[in-house]
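What follows is calculated from the coordinates using simple rules that are stated; it is not laboratory data. Please read all numbers here as calculations on a predicted model, not as lab measurements. Methodologically, a virtual Cβ is constructed for each residue, glycine included, from the backbone with ideal geometry; neighbour enumeration extends over all protein chains shown.
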Amino acid sequence: MRRRRAFPRFRLSLSTAVSDESVVIEALRRGFADYVKKTDGFWNELPLVLERVARLGRLKGRLDETSALMSTIVEHSSDLVAVYSGEGKLVYVSPVCLTLLGRESEELVGRSWMEIVVPEDREHLQTIFARLGENTHQASTLRCCHKDGSIAWVEGSRGAAQDARERPADDRPHPS
């Protein structure tokens, strides 16, 4: 399959006299930050569009810096950090899982916590998940199955991730 060449990572604004909707959609899909059609008011609109594109670029830069910092913290933490989907499947597990559970992150992603917790603690885990909305920072102790067959006692807290408007997010972080 032939892959399209990507545009540079900086923000661009596309100006064209073409009014075809597909041009706008394709430009945005390829990474253009904004689109302005050349009309009679083009020169008046262009400075506002370029200002908006520059602001988006600055915000994206700050977001990238914050994301890199958070990734560094999580990747080097001695605490296990896991994110699971609404269906209970792990979508991210920090590298310390190798030390704590004897498994690489890749071995755990896509699996359910139910597969990792010992059978005797699964009912307790279901109760924890069921009460997620009641107390977003409740601590719990569970026994997990280490790859070598031993038991790893894991004490953790979990909470529902929320967006900036305090609405539940689709994925829930589960630091352990």
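Summary table
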read-out	value
Gain on full stretching of the segment that runs from K38 to T99 - 0.36 nm per residue minus C-alpha separation	16.0 nm
Where labels lie 7 Å past Cα in the beta-carbon direction, separation of K89 and R52 in nm	3.7
Compactness of segment 13-74 as Cα Rg over 2.2 N^0.38 Å, two decimals	1.47
Förster radius 41 Å - calculated FRET efficiency between E21 and V109, Cβ distance, rounded to 0.05	0.60
M114, M70 arranged by Cβ crowding within 10 Å, fewest neighbours leading	M70, M114
